[in-house]
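What follows is a single structure, written as structure tokens, with notes after it.
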Amino acid sequence: MPFKHIYSHTNNRGSKREREIMESWPRSLLLVLCLWPLLVDGMVRHYKFNVVMKNTTRLCSSKPIVTVNGKFPGPTLYAREGDNVLVKVTNHIKYNVTIHWHGIRQIRTGWADGPAYITQCPIPSKQSFVYNFTITGQRGTLLWHAHILWLRATLYGGIVILPKLHVPYPFPAPYKEVVVILGEWWKSDTEAVINEAMKSGIAPNVSDAHTINGHPGPMSTCATSQDGFKLKVDSGKTYMLRVINAALNEELFFKVAGHQLTVVEVDAVYTKPFKTDTILITPGQTTNVLLTADQGAGRYLVTASPYMDAPIAVDNKTATATVHYTNTVSTSAITTTNPPPQNATPVASNFIDSLRSLNSKRYPAKVPLKVDHSLLFTVGLGINPCSTCVAGNGSRVVAAINNVSFVMPTTALLQAHYFNISGVFTKDFPGNPPIAFNYTGSGPANLQTMTGTRLYQLAYNSTVQVVLQDTGIIAPETHPVHLHGFNFFAVGRGLGNYNPKTSPKKFNLVDPIERNTIGVPSGGWVAIRFQADNPGVWFLHCHLEVHTTWGLKMAFVVENGKGPNESLLPPPKDLPIC
């Protein structure tokens, strides 16, 4: 019945219910219009990201930070599997900017991936670029962040990809879904922090606090009991927390006092559900957990605390938030919990070992069983000469893969590849360490690394196994390594040196976890497999920003296959130029 027809039969003698309908329909119509894009399959989603400075106060001090649309954290991007997403990014700040859609596979649309000087030249001040990509075969939680300088310290937000219409979750549908983003906060300007470190040759200062949805929380210095993120829950209801680690340099433990968490997804890939009271999440990773409000009325502490099992300086502050049951007064006592010790490797390993791909009929784990390229990549630190590094006594700390510290080009690698521009990169990245040594021991006598812009070439659809091996040079350390353009399967993991004869015997080739960012264990190794079914140039790097800055990065160049459907699309007309 048309709304005007309802009104024509609603006079002073009309029922109370009719009057309520008449008064509420404009609000209902507005709600439908707002949600309409999420109610339709295969739509084009348009977003406008204005990169602007915003004065923000945390820890009793204020500073201007880089934001999207003045929000910190930035706006969440919502879409459905199969949608075409267009995000117009306009740069209103003094720095060059790019945005990376972390975990989006970018099938044949590498131009929209976002890492500066890898797939695109950055967006200059007062200019715009439209990122145009289709979400293919993915659903779940991912994130977006700046991919240039250290701007992702504050320039980040969530990506929520809903399943296709009428396709349910492979677990009980939650009552409500909430994005929870973990981060770091510096009182100083982060660009000044890393610039000073690069001049000195030593590690940059650690952050001053961790954050949950942008706030250090009610238990931090300078906070009142009302500060911080609050998750309001109804008793008996189940909530899905889409947890994202957007921190620059630290792996984090996440807990909710008095509550178990059921893990159902990581990196936008469904998992076999399992219960835990603590999750481990590295920078760049996402984890969806179900939380059932099954405790008594009250307030319960949420904690995000650092994990580091090596003698490396970290920010030891714990970020806090609260789960707040309805009908609980805001001044009631908070039920607290102790976060795991900073070096709680057993807690971290137990969580990692519990992760398995769902591997159902609808969501199979298509693990490559045949390997065309078997690669061993050492990941770790080194020391190179630096005549201007006074604090470093004439040397600087660097990072490398297979002893190559990657040199960022001044022309984007994807453009050089597509247009066959010579002199920008070489295709001779070593598939194995140039010199074999006891990788998890004290290291070789010479700690100096090579430098270069060297890529590793892959034929379309070839299968790849990469063993990422930590080294003990300077100190063993965990490295969260992110591969752009692909998901991969983590088929094996161990401590010490990888043994090509015995280690593969313990590989899981049935239901290994599938993801886009993996932690290389301190003093150990992890083996990943993927199929090179996406043409373009794809970055592989440590997601600890300090290690990326120091050179722990490389790139794969994947050749076109047969025909246009297996070939990289032409670059967009508004692609920035260097």
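The values are calculated or read from the model by the stated rules, or taken from the named source; none is laboratory data. Computed from a predicted model, the values in this text were never measured in an experiment. Note that we place each Cβ from the backbone using ideal geometry, even for glycine, and neighbour counts take in every protein chain shown. These accessible areas exclude ligands, DNA and RNA; they are computed on the full protein's heavy atoms, side chains included. Shrake-Rupley method; radii C 1.70, N 1.55, O 1.52, S 1.80 Å.
Looking across the range 199-255, the residues that are in contact with a His (Cβ under 9 Å, 6 or more places away or on another chain) and among the charged types (D, E, K, R) come down to D227, K230, K232, E250. Scanning the range 522-562 for residues being of a type in the set (G, A, S), in a strand (DSSP E or B) and within 15 Å of L468 (Cα to Cα) gives a total of 3. If you go through the range 457-467 one residue at a time, do you hit one that is open to solvent by less than 40 Å² (accessible area, probe 1.4 Å), assigned to a loop (DSSP other than H, G, I, E, B) and among the hydrophobic types (A, V, I, L, M, F, W, C)? Checking the range 457-467: not a single residue is open to solvent by less than 40 Å² (accessible area, probe 1.4 Å), assigned to a loop (DSSP other than H, G, I, E, B) and among the hydrophobic types (A, V, I, L, M, F, W, C). Looking only at the range 355-377, which residues are assigned to a loop (DSSP other than H, G, I, E, B), in contact (Cβ under 8 Å) with a residue 60 or more places away in the chain and not charged (D, E, K, R)? Listed by number, the residues that qualify are L355, L358, N359, S360, Y363, A365, V367, P368, L369, V371.
Contact map, the range 565-578: residues that are closer than 12 Å to T119 by Cα paired with residues that are open to solvent by 90 Å² or more (accessible area, probe 1.4 Å) and in a loop (DSSP other than H, G, I, E, B), Cβ distance under 7 Å, separation 6+ or inter-chain. Pairs shown: P576/Q127; C578/T410.
When the range 113-147 is filtered for residues that are touching a strand residue (DSSP E or B) at 6+ places or on another chain (Cβ under 8 Å), in contact (Cβ under 8 Å) with a residue 60 or more places away in the chain and either more than 21 Å from N516 (Cα to Cα) or among the hydrophobic types (A, V, I, L, M, F, W, C) (or both), the ones remaining, listed by number, are I118, P122, I123, P124, Q127, S128, F129, V130, L142, L143, W144, A146. Restricting T331, T345 to those that are open to solvent by 20 Å² or more (accessible area, probe 1.4 Å) and over 27 Å from T478 (Cα atoms) reduces the list to T331. Scanning the range 501-534 for residues that are in contact with a Gly (Cβ under 9 Å, 6 or more places away or on another chain), open to solvent by less than 40 Å² (accessible area, probe 1.4 Å) and charged (D, E, K, R) yields a single hit, R515.
This table checks each residue for (1) open to solvent by 10 Å² or more (accessible area, probe 1.4 Å); (2) assigned to a strand (DSSP E or B).
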{"site": "L381", "(1), (2)": "yes, yes"}
{"site": "N384", "(1), (2)": "yes, yes"}
{"site": "V390", "(1), (2)": "yes, no"}
{"site": "R396", "(1), (2)": "yes, yes"}
{"site": "A400", "(1), (2)": "no, yes"}
{"site": "M408", "(1), (2)": "yes, no"}
{"site": "T411", "(1), (2)": "yes, no"}
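The condition (being β-branched (V, I, T), over 20 Å from V546 (Cβ atoms), touching a residue at least 40 places away in the same chain (Cβ under 8 Å) and surrounded by fewer than 17 Cβ atoms within 10 Å (Cβ to Cβ)) is satisfied by just one residue among V178, V160, V97, V87: V178.
The strands (runs of 3 or more DSSP E) found entirely in the range 71-157 that carry 3 or more residues being of a type in the set (A, V, I, L, M, F, W, C) are 84-91, 128-134, 140-146.
Of everything in the range 164-209 that is hydrophobic (A, V, I, L, M, F, W, C) and in a strand (DSSP E or B), the residue that is farthest from K94 (Cα to Cα) is V178.
The listed residues are H479, H484, and the only one of them that is touching a helix residue (DSSP H, G or I) at 6+ places or on another chain (Cβ under 8 Å) and open to solvent by less than 40 Å² (accessible area, probe 1.4 Å) turns out to be H479.
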